[in-house]
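Report on the following structure.
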Amino acid sequence: MRKAVCLLALLSLASLSATLLAGTQSAGSADSPHMIEVTAKTFEFVPSEIHAKVGERVRIVLRSADRAHGLQLNLYPEGAPEDGNPGLVFDHPQDAQDDAKVEKKKERVIEFVAARAGTYDFKCSVQCSMIGHGHDRMTGKLIVEE
């Protein structure tokens, strides 16, 4: 009987430890940015539609598969006047202004806070081909939800 009580106490302690550890890991991951990987290749972004939550810190890892590309994010959601506070807030304003250029087979990290709900268009800011046909289709959407 005494062995059974000791075993039960030990199992309870192990269960409590596992619960506390899981809670600590969840809290740590809540502080880390929402990572989104986007690949740029001639005439397309993969994926072309990405999602985030309001208030979330977003980290886009932009990779170029075939040539130099750029990612130009609209800072204001569709239909919103482009004055006042932008819906996407960058720690370093130059990240929003330099169109996040990335060279062939390289990657670039773009980080911001999605401050306002809405749909934000993005497009390639580097001409994909000498002819130019298809470059205008290299677009996508960031959808920020409540």
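The values are calculated or read from the model by the stated rules, or taken from the named source; none is laboratory data. Here the structure is a predicted model, which means the values were calculated and not measured. Positions of Cβ are backbone-derived with ideal geometry, glycine not excepted, and every protein chain shown enters the neighbour counts.
A few points about this structure:
- Test: residue in the stretch 82-100 that is farther than 26 Å from residue 32 by Cβ and modelled with pLDDT of 90 or more: no
- Count of the stretch 27-83 residues which are of a type in the set (Lys, Arg) and under 23 Å from residue 103 (Cα atoms): 4
- Number of positions in the stretch 62-89 that are more than 16 Å from residue 134 (Cα to Cα) and either surrounded by fewer than 15 Cβ atoms within 10 Å (Cβ to Cβ) or among the small types (Gly, Ala, Ser) (or both): 11
- Filter result for residue 52 (within 16 Å of the chain's Cα centre (by Cα), at pLDDT below 90 and assigned by TED's automatic domain parsing to the domain that holds residue 123): no
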